[in-house]
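Below is one structure, written out as structure tokens; comments come after it.
FYI, it's all coordinate maths here, none of it is from the lab. Source: prediction; values computed, not measured. We place every Cβ from the backbone using ideal geometry, glycine too, and count neighbours over all the protein chains shown.
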Amino acid sequence: MFTKYLPHRLMKIVSSFLQNYEISRIGIFALFFTCGLTLTLVISACANNTGNSVATQTATQGVVVRIGYQKAATILSALKNRGNLAQTLTTAGASVKWAEFPAGPPMLEAMNAGSIDFGYTGESPPIFAQAGGTPLLYVAYDPWSPKAEAIIVPKNSPIKTVADLKGKKLAFAKGSNANYLVVKAVEAAGLNYSDIKPAHLTPADARAAFTGGKVDAWAIWDPYLAAVEHDKDVRILTDATNLAPNRGYYLARQEFVNSHPDLLKTLLDEVSKVNEWATNNPEEVAKFLEPELGIPAAALEIAEKRRKYGVLPLTDEVIAQQQNIADTFHKIKLVPKQIQVKDIVWNGNKS
């Protein structure tokens, strides 16, 4: 009987073993298949990321980002000094080259000549540049402050109001923010622009003329305004409150934006970081600018505490106000033709 039972029992054991083995084999196969698929996807993703990184670096390899700056333009001056941008661009295979300018108009002339790719100016220079055919784009704006520019006279001057500037010599940089302030201030005082005698001078030359008594008044912006307030007995006839927005603009050459939008975004990110530092550390900014500008830190602190910082995308309101400035300059024939500011506004930094 045992011999008869054994083959049957053995067959059941073998059959059970084979079934369990099959289930186990299928489970192991499924496990290995899942792991293999996951590993394949991970390798593929890494390869894609590496490929994208390599492609990006290849696109920027050897590119030199040429930036125009003014020492008095705090953010770009600090960006140059701190060196963070150079390090960031090096990672992308690019580099940076800096060029100093005394004011916005010559900076944008350099952009027109293809000598720089990026810069920062007040609200008026890009209007003149656009009218002249400079291939530029507004890429962001800085709110700055209407308190940060003014028309001043010596404290003992017989000129008491803006209306008293009729027939007087007024110094300012042609095509600058101060130029627009002058236009709006004399208009608000009931004068025509032709009623004054413009003396088109850079800030350094204008200060020499002002302190030397060769001009009757001076329209100027911070930190030069704060410096002369600190050093000399001066009187403010008017600042830009209710007259001019007094904004600053970050501008880029169209070809650079079209060819290297990622580098532009990297640049604006680095500018934003410096803006945050400047907003939170006016005393440190003043200490940094003191040797750069030869202006006492105490005077620079005045300028820093009355200004605002930002790297903001242009809104419809900002564009409309900039258009009003363009229309005003065209009306008094300072700008030879009508322009549309909206035509050169970059939308790449809007979410």
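Available extension along the chain between Gln321 and Thr91 is 78.9 nm, counting 0.36 nm per residue and deducting the alpha carbon span. Across region 208-224, computed HN-Hα scalar couplings (Karplus, 6.51 cos²θ - 1.76 cosθ + 1.60, θ = phi - 60°) run 4, 5, 5, 5, x, x, 8, 10, 8, 8, 9, 9, 8, 10, 5, x, 5 Hz from first to last residue, x flagging Gly and Pro.
Give, to the nearest whole percent, the P(r) tail of region 283-351 beyond 21 angstrom, counting all Cα pairs. It would help to have the intermediate numbers written out before the result.
On the way: 1253 of 2346 pairs.
Of all Cα-Cα distances in region 283-351, 53 percent exceed 21 Å.
Using Cα positions and a limit of under 21 Å, work out the lysines in reach of Lys168, with same-chain residues fewer than 8 apart set aside. Answer for Lys168, where 21 Å is the Cα cut-off: Lys155, Lys160, Lys184, Lys197, Lys214, Lys232, Lys333, listed by chain and number. Taking the average, over residues, of other Cβ atoms within 10 Å as the packing measure, peptides 144-155, 183-194 rank 144-155, 183-194 from highest down.
Distances between every pair of Cα atoms in region 90-228, grouped in 10 Å steps from 0 to the bin holding the largest one, split as 11, 37, 32, 15, 4, 2 percent.
If you take the Cα atoms of region 148-275, find Rg, then find the Kirkwood Rh from the mean of 1/r over all pairs, what is Rg/Rh?
Values: Rg = 17.6 Å, Rh = 16.0 Å.
Radius of gyration over Kirkwood radius for region 148-275 works out to 1.10.
Residues whose amide H comes within less than 5 Å of that of Ser124, counting only those at least five positions distant or on another chain, are Asn177 (H built at 1.01 Å from N in the peptide plane). The modelled label-to-label distance between Arg235 and Ser259, using points 7 Å beyond Cα along the C-beta direction, is 5.5 nm. Rounded to the nearest 5, the antiparallel percentage of DSSP beta bridges internal to region 102-244 is 60%.
Between Asp117 and Arg66, Ile67, Gly68, the built amide H atoms are under 5 Å apart, and every one of these is 5 or more places off in sequence or on another chain.
Counting each pair of different Cα atoms once, what's the Kirkwood radius of region 248-316 in Å, rounded to one decimal? Could you put the intermediate results ahead of the total?
Numbers: mean 1/r = 0.0722 Å⁻¹.
About 13.9 Å for region 248-316.
Convex hull volume of the C-alpha atoms in region 61-158, normalised per residue: 135 Å³. Computing Rg and the Kirkwood Rh from the Cα coordinates of region 223-351 gives a ratio, Rg/Rh, of 1.02.
Mind checking the dipole of region 127-220: about its Cα centre, +1 per Lys or Arg Cβ, -1 per Asp or Glu Cβ, Debye to the nearest 20? If you can, show how the numbers build up before the last one.
Values: 11 positive and 7 negative charges, 63 e Å.
Here the size comes out at about 300 debye.
Close amide H pairs (under 5 Å, H built 1.01 Å from N) link Thr238 with Ile151, residues at least 5 positions away or on another chain.
Which of the peptides 269-277, 332-340, 215-223 is most tightly packed, and how do the rest follow, going by the mean number of other Cβ atoms within 10 Å of each residue?
Numbers: 269-277: 18.1, 332-340: 13.7, 215-223: 25.4.
The most tightly packed comes first, giving 215-223, 269-277, 332-340.
Distance between Cα centroids, region 144-210 to region 320-336: provide it in whole Å. Cα centroid of region 144-210 versus Cα centroid of region 320-336: 18 Å apart.
Computed from phi, the 3J(HN,Hα) profile of region 193-202 under the Karplus parametrisation 6.51, -1.76, 1.60 (θ = phi - 60°) reads 4, 6, 6, 9, 10, x, 10, 7, 9, 5 Hz, with x in place of Gly and Pro.
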